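The values are calculated or read from the model by the stated rules, or taken from the named source; none is laboratory data. Just so you know, these numbers come straight off a predicted model, no measurement behind them. Methodologically, a virtual Cβ is constructed for each residue, glycine included, from the backbone with ideal geometry; neighbour enumeration extends over all protein chains shown.
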Amino acid sequence: MAGIAGVIVLAPLLRLARENLALIVAMVVAIVVAVTCALISRKVYVRRQVERKQDRLRAVLPFHSMNDKEFEDAVASLCREGGCHDVRVCGGSGDRGVDVTARTPDGRRLIVQAKRYRIGNPVGDKDMQQFVGGINTWHEYDIAVLVTTSRFTRPARETAQRLGVRLVDNARLAAWNVGASRPPWDWTSGDV
């Protein structure tokens, strides 16, 4: 019984295949080409992602080899390159949470805290709260920025967002350093 059913089903399929052999071969070739193209595209995409990550690392690595004072000077230099004036490095003991002060190109008061941390040591909410507490007590400003060679924890990002502090992590620092990103004082609400 199963043999008869098989013949009844297979016979028309075999006839269809014989009559449309060129079409079937073309479809198989098209599928193989499409899969090959998709695999090559994926490989190229992954390679570009790796290259971009390596480029970001190369752009941020010089900051990791600096001491704290050199890093503050480098951040001040980025501010100057971005058009700020009256740029002053004031980091060190007694800085009350601010390492760099400046005026943006349009005259707003900018304050920056620079945290040169290892990549595996993120800036946490405690650091963020200390920064905000210090600047709100001791400084007048229009824009507050916290720059790190590391990253920010989620609670630190949430606190910053709630209080209007602009965050520059290692990826944004690398982009800023090579001119691939606007400086933090030029960010729109979508950038923050």
Those residues that are in contact with a helix residue (DSSP H, G or I) (Cβ under 8 Å, 6 or more places away or on another chain), modelled with pLDDT of 80 or more and either closer than 13 Å to Ile119 by Cβ or acidic (Asp, Glu) (or both), I need them from segment 56-75; list them, please. Phe63
Among the candidates Gln113, Gln130, single out the residue that is under 24 Å from Glu158 (Cα atoms), of a type in the set (S, T, N, Q), part of a strand (DSSP E or B) and touching a residue at least 12 places away in the same chain (Cβ under 8 Å). Gln113
Being touching a Leu at 6+ places or on another chain (Cβ under 9 Å), assigned to a helix (DSSP H, G or I) and surrounded by fewer than 16 Cβ atoms within 10 Å (Cβ to Cβ) is the filter here, so list the residues in segment 133-190 that pass it. Asn136, Gln161
Matching entry among Pro155, Pro184, Pro105 (being modelled with pLDDT of 90 or more and in contact with a strand residue (DSSP E or B) (Cβ under 7 Å, 6 or more places away or on another chain)): Pro184
